[in-house]
């Protein structure tokens, strides 16, 4: 025991214990040591549990609603498009050579010589169509086209220019709010019923970022009492999308915007049910083609229906990470939205002057988007620099204060 002298009656003496240095240690110090010890255990257990749940979450999220089993290489629509492109190319090659039919080896020679005037994307589309059709012809007619197919397969897009002034090269990769307003006023005032329909399509695409073909297979749903547009991804084969469907959440959009989108969706789906989708699409595309050249004479690039999707990508990347933009646009990786669409420097702020704010995405769909290698390298560098990116644990001083 330890004796304390000079104590008067009625004074409360706090209990104490002997430390290694044979000095009394007050209760407050004991409490701090216990808190430090418990805090260390809490950190270790928390990190382990967080790691386990993170692994489980990613395993479930990556499965998502993707197609199980082997992916479908081409849909019937893609096969029909391949056959149409191949037939047009073959007929053009025959016409330029002044013959009714030419050998497939001569056709590949003609296609090879056209590479310097074709954009890289155009060449890739032509090559894929020709490879598919030549393989189909070989399997159905028993012709030996293996040397021709191998030769076409070996051709690359190296001679192709990075950009051309033909077809898609003349389409604008952005659509500013000022240009959108100018086009809509012109279309609704001078172009009749197809002008109004084209204006609706532009506004709906600008608000949601949907591909033109995706409007034929979308519907309204309610998620947690919030209205959302459920869209079937148009490029869900070969793991090109993060799932069969995506959801575009619109928590604070005006009823006028919702009604406009619903009218456009209903009209387009009615035409699609009647087998007249391309009638609707071609009329709107032609109307927009003429209106763009009337509103913006002298430009090298003109807006198209797809320009609204490009601007949606730019506006999303200006405010949100590319992973969220990819989730709302239906991509399986954020690399596509970073490299193939309009850059964030072309993005504009939304939510004012009647422009609807940007929609939201489901967390599970964002998690299914694969992060590109560039972003992974950046995160690795930040981790090596010991930058705390996710401060989940409260500071020790706050924890002590809360416990006390």
Kindly identify the range 193-277 as rounded, prolate or oblate by the Cα gyration tensor criterion: order the square roots of the eigenvalues as a ≥ b ≥ c, call it rounded if a/c is under 1.5, otherwise compare a/b with b/c, prolate if a/b is larger, else oblate.
oblate
Write down the Å³ per residue value for the convex hull defined by the alpha carbon atoms of the range 229-338.
150
Equivalent-ellipsoid semi-axes of the range 146-250, from the Cα gyration tensor, Å, largest first
34, 25, 12
If packing is taken as the average number of other Cβ atoms within 10 Å across a peptide's residues, how do 119-131, 319-331 rank, most packed first?
319-331, 119-131
Overall form of the range 176-236 per C-alpha gyration tensor (a/c, 1.5; a/b vs b/c)
prolate
Taking the Cα atoms of the range 231-277, report the difference between the largest and smallest coordinate on each principal axis, in whole Å and largest first.
37, 33, 9
What FRET efficiency would be calculated for the residue pair residue 41, residue 226, taking the C-beta separation as r and a Förster radius of 45 Å, to the nearest 0.05?
0.65
Under the classification rounded if a/c is under 1.5, otherwise prolate if a/b is larger than b/c and oblate if not, where does the range 90-142 fall, given a ≥ b ≥ c as square roots of the Cα gyration tensor eigenvalues?
oblate
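No lab work stands behind these numbers, since they all come straight from the coordinates. Just so you know, these numbers come straight off a predicted model, no measurement behind them. Every residue, glycine among them, receives a Cβ derived from its backbone with ideal geometry; neighbour counts consider all protein chains shown.
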